[in-house]
1. Simple spin-label model, 7 Å along Cα-to-Cβ: residue 80 to residue 40 in nm?
2. If R₀ is 35 angstrom, what is the calculated FRET efficiency for the pair residue 131 and residue 201, using the beta carbon separation as r and rounding to 0.05?
3. Compute the length gained on full extension between residue 210 and residue 57: take 0.36 nm times their separation in residues and subtract their Cα-Cα distance, giving the result in nm to one decimal.
4. With each label point set 7 Å from Cα along the Cα-Cβ vector, what nm distance links residue 181 and residue 153?
5. So what's the back-of-envelope 222 nm ellipticity for the chain, counting only DSSP H runs of four-plus at -39500 (n - 2.57) apiece and dividing by all residues, rounded to 500?
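A short reminder: the numbers here are calculations on the coordinates, not readings from a lab. Just so it is clear, the structure is predicted and the values come from calculations on it, not from any experiment. Glycine also receives a Cβ, built like all others from the backbone with ideal geometry; neighbour counts cover every protein chain displayed.
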Ligand SMILES: *[C@@H]1O[C@H](CO)[C@@H](O)[C@H](O)[C@H]1NC(C)=O
Ligand SMILES: *[C@@H]1O[C@H](CO)[C@@H](O)[C@H](O)[C@H]1NC(C)=O
């Protein structure tokens, strides 16, 4: 029994490390309905199929700006959907820093993005409880310079993209700083198929890639170009 389990672990570990995990970076913002849509309807429902092949990095910031005031030593942010969104993004950034486990990361972000108000302190606290995340620690970071620094660093990463980010969310593969418009379009419309195509080694593709049915193939013929 024990030996069998050990073998299972060994085999599965070697299988998942053979192809490795593809880095996927999701640039999003808390109060953006397209971000909610992508995370809750594309990324999360397909995560279970691809979790061994995915290394997701969430970058909450979006279409925002920040400046550093050297006199006060503080950052100033302005966000697409106002101050509340900046605070929300900052709380998300703190949570993402705090959570180490990758399943918990996506579960938490999906929980918050599914909430009535993804920036709202109440909803973030509820999701923290659900996933055993220390909310006191989270909020302490979220309202302090630590949180501002994390958000500013997300901002630098976002502003580093080429061309500049103009659509939120933006999805980038392989840690590239180039936005690939085709990857972007395909990810938003059909993340499952995009991942299946990205996993170049056929034997590494999860079962679900073989199950893409006729309907989906027909649909993709018209929209997936
Ligand atoms: C920078 O911070 C200082 C000290 O708080 C303040 O007096 C000044 O107006 C700030 N500058 C800008 C450009 O906001
Ligand atoms: C990711 O980058 C690596 C190294 O540059 C490359 O070999 C691989 O094909 C890339 N994968 C995808 C899916 O773009």
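1. 1.7 nm
2. Numbers: r = 33 Å, r/R0 = 0.94.
Computed FRET efficiency for residue 131 and residue 201 comes out at 0.60.
3. On the way: separation 153, 0.36 × 153 = 55.08 nm, distance 2.66 nm.
Going from the current span to full extension adds 52.4 nm.
4. 3.3 nm
5. Working: 11 runs with 119 residues, N = 225.
Estimated from H runs of four or more residues: -16000 deg cm²/dmol.
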